[in-house]
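Notes to accompany the following structure.
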Amino acid sequence: MKGVPLAVLFFLCVPIFVGAQVKPSAAGRLGVSIIPQPEQLKWNPKSGTVLRLNGNSRILTEGRCPDSLATLWQQYARSIWKQKKCSTKANLFKSPDPIHLSTSAQMGAEGYSMEAGNGRLSIVAGDPDGMYYAFVTLQQILEQHPDGQLPAFQIIDRPRFSWRGMHLDVCRHFFTVDEIKRYLDLLARYKMNRFHWHLTEDQGWRLEVPALPRLTEVGAWRKETLVGRPVSLMRYDGIRYGGYYSRKDIQEVVRYAAERHIVVVPEIEMPGHALAALSAHPELSCMGGPFEPATHWGVFDDVFCAGKDTVFRFLETVLTEVVSLFPGEWVHIGGDECPKKRWEACPDCRNRMQEEGLADAHELQSYFIRRIEQFLGAKGRKLIGWDEILEGGLAPDATVMSWRGTEGGIAAARAGHDAVMSPGQPCYFDHYQAQPDSLEPLAICCFNSLSAVYDYEPIPHELNLTEALHILGAQGNVWTEYMPDFDQVTYMAMPRMPALAEVLWSPPQTRHYPGFLQRLKVESLWLDRRGYRYARHFFDQL
Ligand code: ACM
Ligand code: ZN
């Protein structure tokens, strides 16, 4: 800690974990159960108790630990003290052992080691992220040892990938700030570090932009919603639906995520999936409207006009707001599923193609994305988009999110661009997770089992070692056409999220599906305790 070589802080009222205790039988058999599985874990129950932690355990920080570490532990201690009082049962021993924190670059980005022995718990972290992840691991350990008495153990841990993402579509259905926080709690628990927040769509614009009030006055509300599937049945509920996030809401979510070492990646869809924006500003389309936010799902022909400069001025206003609200490195600009029908017929778009010497509408899309990338680059941000941004030529510094299979990620990596893998199979968690699907809640289609997610290898075998370095990681996507409430979101995301988290964090040689299922059983007690709804099919596989 700066200026204070040895600071003593109070932390850890062990009984907060009492509510999430694991039955001794489950924890006993496993020794200890951690998700995602650490890179190295030595757990030695034969040593007997070598470490005693409780609410009076001191935190000792040493060396050049950043202030944020002390703050993190203090905040956590405060939240503990507020939630639960120490029970006398867990405070049987009067002089608990201290927790000793230090940092060392040797542990690497996001890495840490944790060792119990010699009358203290020693944590060495590569950076503040690593210290946070040590703390997340410690939390899982103490849940299973709520008396705070631990045997000798040693953990050395660091993530395999830097992009460990989860996405959430809040446009097809809307989720409150409290629900978003509950979602972020799950990401944090499994050491996921990117929250891709899909904020704009045909069916609703969810981001307040004070300079463009119609976006949320008009674009955040649809007059009704499709019931069931397929779209061709045309059954609607007749209920006005919508919602949006104020600046304050966004700031609250960004702050909450940052405390959990999660970067929020906002997505503003362009040039397609823009019907809600066009409902508020029909002059930004090729044909002029009028439009309404969509009431069913799909791909719509009316998109932002690529020929009108007013469109770029509008998007620059929106992105200026986005950049001011979201401090993260990346801005996701969508780029997927943009039909070219209107552009081909639009005089402004045709003029643009002629003036810029663009051969076809794909090159016009590429022009669109490059122009936006230049704007974001000037603001110090990186553009990321769905793999359609490859069509017609990739913008110079763009990162590609590969969703239509792995080809987009492969092409990007071969061209020297970074890529995040999110192929429909198995990374779309809006797909069914069990068969027969007739017994499952209605989902959009397809089948992505828990074991398929667990077996996923993010680096396509087609890439050589140098190209593979461009694969930043992977991401689970949760599109919410068929998820009308937050319970349904967690049902679809859980437990596929921790399966993907383990793919992204743990070394491949530590992965073992039957062992993962055992740990998931332990984890289910925490999920039950926290009131999360989740799919329980894995119990049948155990
Ligand atoms: C997508 O699923 N349309 C990216
Ligand atoms: Zn046009």
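Name the helices (runs of 4 or more DSSP H) wholly within segment 334-420 that hold at least 2 residues that are farther than 26 Å from ALA468 by Cα and either open to solvent by 10 Å² or more (accessible area, probe 1.4 Å) or within 16 Å of ligand 2 (Cβ to nearest atom) (or both)?
On the way: elements: 341-345, 347-356, 361-378, 407-414.
The helices (runs of 4 or more DSSP H) meeting that bar are 341-345, 347-356, 361-378.
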If you go through segment 296-327, how many residues are away from ligand 2 (no atom under 16 Å from the Cβ), open to solvent by 30 Å² or more (accessible area, probe 1.4 Å), closer than 20 Å to SER279 by Cβ and not in a loop (DSSP other than H, G, I, E, B)? 1
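Here is a yes/no grid of residues against (1) touching a His at 6+ places or on another chain (Cβ under 9 Å); (2) closer than 25 Å to VAL253 by Cα:
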position	(1), (2)
PHE135	no, yes
ILE141	no, no
LEU150	no, no
MET166	yes, yes
ASP169	yes, yes
LEU187	no, yes
TYR190	no, yes
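So which of LEU520, LEU542 is over 26 Å from MET401 (Cβ atoms) and open to solvent by 40 Å² or more (accessible area, probe 1.4 Å)?
Numbers: LEU520 fails: open to solvent by 40 Å² or more (accessible area, probe 1.4 Å).
Testing whether each residue is over 26 Å from MET401 (Cβ atoms) and open to solvent by 40 Å² or more (accessible area, probe 1.4 Å) leaves just LEU542.
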Only residues that are closer than 26 Å to ASP301 by Cβ, open to solvent by 10 Å² or more (accessible area, probe 1.4 Å) and not in a loop (DSSP other than H, G, I, E, B): list them for segment 177-215, please. ARG214
Does segment 457-499 hold any residues that are open to solvent by less than 10 Å² (accessible area, probe 1.4 Å) and more than 21 Å from GLY385 (Cβ to Cβ), and which are they? MET483, VAL489, THR490, MET492, ALA493, MET494, PRO495, ARG496, MET497, PRO498, ALA499
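Conditions (1) of a type in the set (A, V, I, L, M, F, W, C); (2) farther than 30 Å from MET483 by Cβ, marked per residue:
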{"residue": "HIS362", "(1), (2)": "no, yes"}
{"residue": "ALA413", "(1), (2)": "yes, yes"}
{"residue": "PRO423", "(1), (2)": "no, no"}
{"residue": "PRO436", "(1), (2)": "no, no"}
{"residue": "ALA452", "(1), (2)": "yes, no"}
{"residue": "TYR456", "(1), (2)": "no, no"}
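Here are GLU457, GLU440: which of them is within 23 Å of LEU226 (Cα to Cα) and either within 16 Å of ligand 2 (Cβ to nearest atom) or at pLDDT 95 or above (or both)?
Details: GLU457 fails: within 23 Å of LEU226 (Cα to Cα).
The conditions single out GLU440.
Can you tell me which residues in segment 105-115 are open to solvent by 10 Å² or more (accessible area, probe 1.4 Å) and either among the hydrophobic types (A, V, I, L, M, F, W, C) or at pLDDT below 95 (or both)? Before you say what the answer is, go through the steps one by one.
Here is the first cut: in segment 105-115, the residues open to solvent by 10 Å² or more (accessible area, probe 1.4 Å) are 105-110, 113, 115.
Listed by number, the residues that qualify are ALA105, MET107, ALA109.
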Conditions (1) open to solvent by less than 10 Å² (accessible area, probe 1.4 Å); (2) out of contact with any Cys (no Cβ under 9 Å at 6 or more places or on another chain); (3) over 19 Å from LEU186 (Cα atoms); (4) not hydroxyl-bearing (Ser, Thr, Tyr); number of the one not met by GLN149: (1)
Here are some residues: ALA413, ALA378. Which one is within 30 Å of THR310 (Cα to Cα) and either more than 15 Å from ligand 1 (Cβ to nearest atom) or at pLDDT below 95 (or both)? ALA378
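The values are calculated or read from the model by the stated rules, or taken from the named source; none is laboratory data. Being a predicted model, the structure only gives us computed values, none of them experimental. Neighbour counts are summed over all protein chains in view; Cβ atoms, including those assigned to glycine, are modelled from backbone coordinates with ideal geometry. For the accessible areas, the whole protein counts, side chains as well, though only heavy atoms, and no ligand, DNA or RNA atoms are used. Shrake-Rupley method; radii C 1.70, N 1.55, O 1.52, S 1.80 Å.
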